[in-house]
């Protein structure tokens with residue numbers, strides 16, 4: 001029996017990078033996975049193809065979380081999918097992974113930059129949790145993908161880092177609030193990871209300085225982060241809640 005057999009999961013921002021790796025891993029562990037994407041349907045379809053190639057299954061679900069109405073649209077679309085699979089509809093695992101990183105110094109940040117970062121990285125996961133709580137199963141899992149930037153100081157992340165720290169704090173608050181329902185809420189802090197979101201970590205020349213700050217001596221790949229999320233989503237992870245799990249290879253120690 002696979003550890004997540006008969007579970008249904010939603011992973012936001014699952015068309016590429018860490019989100020794709022999480023979606024594929026949860027499916028390998030037996031979950032039926034909702035692969036959320038904003039606009040790149042072809043990339044999301046690649047994720048779904050990888051899931052099916054590994055013997056799993058899932059479905060695509062599109063919504064623009066940069067728009068205020070995006071959360072309501074995503075929640076309604078997911079509810080429609082759940083109704084075709086369960087009566088009453090229930091979601092077991094919610095992974096808030098969708099995010100953006102626009103690196104600028106504080107002098108360069110515009111109000112529009114600030115609002116977009118806040119909308120996608122904090123406001124959308126906040127209200128997605130709120131809207132989905134009625135269908136999150138008792139004993140379910142909420143996992144928020146934050147960042148090591150919430151702990152370290154990067155001068156080009158004056159918005160990204162505080163917003164990610166807010167997501168981690170929200171995880172602790174909700175862990176207490178949802179504890180009576182047996183729902184665990186945790187945050188995962190990836191360190192430098194080779195993805196489209198972090199071009200410096202993906203560049204062989206530019207990444208050397210970053211590697212020097214990592215105790216394990218290398219840059220992470222998305223597949224280094226996905227198993228941490230899979231553990232928190234599993235039954236074995238059921239006694240962990242309100243925690244920040246840093247998956248950084250010891251970066252910045």
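The values are calculated or read from the model by the stated rules, or taken from the named source; none is laboratory data. What you see is a predicted model, and the numbers here were worked out from it, not measured in a lab. Cβ coordinates were reconstructed from backbone atoms using ideal geometry, including for glycine residues, and neighbour counts include every protein chain displayed.
The set of residues from segment 137-169 being surrounded by fewer than 20 Cβ atoms within 10 Å (Cβ to Cβ), without any contact (Cβ under 8 Å) to a residue 60 or more places away in the chain and part of a strand (DSSP E or B) comprises 137, 138. Within segment 1-18, the set of residues being touching a residue at least 60 places away in the same chain (Cβ under 8 Å), assigned to a loop (DSSP other than H, G, I, E, B) and buried (at least 22 other Cβ atoms within 10 Å of the Cβ) comprises 4, 7, 12, 13, 14.
Can you find a residue in segment 111-125 that is modelled with pLDDT of 95 or more, part of a loop (DSSP other than H, G, I, E, B) and touching a strand residue (DSSP E or B) at 6+ places or on another chain (Cβ under 6 Å)?
Start the filter on segment 111-125 by keeping residues that are modelled with pLDDT of 95 or more, which leaves 111-125.
Checking the rest, the ones that are also part of a loop (DSSP other than H, G, I, E, B) come to none.
No.
For segment 49-65, the condition of being out of contact with any helix residue (DSSP H, G or I) (no Cβ under 6 Å at 6 or more places or on another chain) and crowded, with 24+ Cβ neighbours inside 10 Å holds for none of the residues. Being over 23 Å from residue 226 (Cα atoms), assigned to a helix (DSSP H, G or I) and touching a strand residue (DSSP E or B) at 6+ places or on another chain (Cβ under 8 Å) is a property that residue 44 lacks.
Restricting attention to segment 65-87, the residues that are in a helix (DSSP H, G or I) and closer than 16 Å to residue 9 by Cα total 10. Note on segment 47-64: residues that are within 27 Å of residue 116 (Cα to Cα) and either in a helix (DSSP H, G or I) or modelled with pLDDT under 95 (or both) total 1. Only residues that are more than 20 Å from residue 196 (Cβ to Cβ) and part of a helix (DSSP H, G or I) were counted across segment 21-41, and they come to 3. You will find that of 206, 172, the residue that is assigned to a loop (DSSP other than H, G, I, E, B) and either surrounded by fewer than 21 Cβ atoms within 10 Å (Cβ to Cβ) or in contact (Cβ under 8 Å) with a residue 24 or more places away in the chain (or both) is 206 and no other.
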